[in-house]
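Below is one structure, written out as structure tokens; the observations come after it.
Every read-out reported here was derived from the displayed coordinates using simple, explicitly stated rules and does not represent laboratory data. Since we're looking at a predicted model, the values are computed, not measured. Neighbour counts are summed over all protein chains in view; Cβ atoms, including those assigned to glycine, are modelled from backbone coordinates with ideal geometry.
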Amino acid sequence: NAGVTQTPKFQVLKTGQSMTLQCAQDMNHNSMYWYRQDPGMGLRLIYYSASEGTTDKGEVPNGYNVSRLNKREFSLRLESAAPSQTSVYFCASSQRFTGELFFGEGSRLTVL
Amino acid sequence: GIQVEQSPPDLILQEGANSTLRCNFSDSVNNLQWFHQNPWGQLINLFYIPSGTKQNGRLSATTVATERYSLLYISSSQTTDSGVYFCAVRNNAGNMLTFGGGTRLMVKP
């Protein structure tokens, strides 16, 4: 049982490049989330999907787009990367919207 | 939005010592979780505890929802307990889990 799987684990981009972070969960959870963690800080919510077919903005959505591809998969896209988006990105899922969150291992992104 | 404050911000322990970490929050919550972020950056679920008391081995947690705080107890600490401990909460009107600033724990052998 893999839980929440994110790819890639590491990525280096140049300013202006685009990329997509992939996330898949095998726990049959309804809700999925994308967070970012900057050095020495807690996590901040970028976007979430309370259920399949819905997505909503979180605390820091600017510069990102998301797609809830199906119940298992939730992707995060950076259309034109900026150095301010250098961070560690975590995907998470929960059975219900108010339920316990389970996190993936994180994806470390550096934008030069 | 809901405010979450953790204390202490930093803690250094000798192996075998006990400790208590505190999380204060500013509103009623329907979700409270404690996480351990290990030195490799992984976020490990410790407790899902919007109210009441739970224990798991050397760790236990208590949330007093009416007084808006939660405590994480670590007994007989080990070097593998080192890392950052986060409390995260969601209030009834919220759409996100809001994280506290964390407590950075170092356990020395």
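Computed from the mean reciprocal separation of all distinct C-alpha pairs, what Kirkwood hydrodynamic radius does chain A have, in Å? Don't skip to the end; give the middle numbers.
Values: mean 1/r = 0.0725 Å⁻¹.
It works out to 13.8 Å.
Quick one: putting +1 on the C-beta of Lys and Arg, -1 on the C-beta of Asp and Glu, what dipole do you get for region B:4-103 around its Cα centre, in Debye to the nearest 20? Don't jump to the answer; show the numbers that get you there.
Values: 5 positive and 6 negative charges, 46 e Å.
Value, rounded to 20: 220 debye.
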Separation between the A:Glu73 and A:Val88 pseudo-spin-labels, each 7 Å from Cα along Cα→Cβ, expressed in nm?
2.6
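Give me the net charge for the shell around B:Trp34: Cβ to Cβ below 12 angstrom, other residues only, Lys and Arg +1, Asp and Glu -1. Mind showing how you got there, number by number?
Details: positive: B:Arg22, B:Lys54; negative: A:Glu100.
Net of charged neighbours comes to +1.
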At q = 0.11 Å⁻¹, what log₁₀ I(q)/I(0) does region B:4-103 have when each alpha carbon counts as one equal point scatterer in the Debye sum?
-0.29
Evaluate the relative contact order of chain B (contact order divided by residue number), counting alpha-carbon pairs under 8 angstrom at least 6 apart; express in whole percent.
38
Ignoring trypsin sites (Lys or Arg not before Pro) buried by more than 12 other Cβ within 10 Å or outside DSSP loops, the longest site-free run in chain A is A:15-95
Antiparallel versus total DSSP beta bridges in chain B: what percent is that, nearest 5?
90
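Dipole of chain A, Cα-centred, from +1 at each Lys and Arg C-beta and -1 at each Asp and Glu C-beta, to the nearest 20 debye?
Details: 11 positive and 9 negative charges, 33 e Å.
Dipole of chain A, to the nearest 20 debye: 160 debye.
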Just name one of A:Gly3, A:Gly99, B:Gly57: the one whose Cα is farthest towards the positive end of the charge dipole of the protein assembly as shown (beta-carbon charges, Lys/Arg +1, Asp/Glu -1).
A:Gly3
Compute, for the protein assembly as shown, the length of the dipole vector about the Cα centre, with Cβ point charges of +1 (Lys, Arg) and -1 (Asp, Glu) only. Units Debye, rounded to 20.
200
Beta bridges per DSSP with both ends in the protein assembly as shown, % antiparallel, nearest 5:
90
Grab the beta carbon distance between A:Gln17 and B:Asp10, set R0 = 35 Å, and tell me the FRET efficiency rounded to 0.05.
0.40
Roughly speaking, what is the centre-to-centre gap between region B:76-97 and region A:34-112 when only Cα atoms are used, to the nearest Å?
18
What are the residues whose amide H is under 5 Å from the amide H of A:Tyr47, where those residues sit 5 or more places off or on another chain and H is modelled from the backbone?
A:Trp34, A:Gly58
Semi-axes of the protein assembly as shown from the Cα gyration tensor (sqrt of 5 times each eigenvalue, largest first, whole Å) come to 29, 20, 16
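If you rank B:Met96, B:Met106, A:Met32, A:Met19 by fewest surrounding Cβ atoms within 10 Å, what's the result? Walk me through the numbers on the way to the answer.
Working: B:Met96 22, B:Met106 13, A:Met32 28, A:Met19 16.
So the ranking, lowest neighbour count to highest, is B:Met106, A:Met19, B:Met96, A:Met32.
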When the convex hull of its Cα atoms is projected in every direction, mean area for region A:14-76 (nm²):
4.9
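Sorting B:Asp27, B:Asp81 on the 10 Å Cβ count, fewest up front, what's the list? Numbers along the way, then the final one.
Working: B:Asp27 16, B:Asp81 19.
By the 10 Å Cβ count, ascending, the order reads B:Asp27, B:Asp81.
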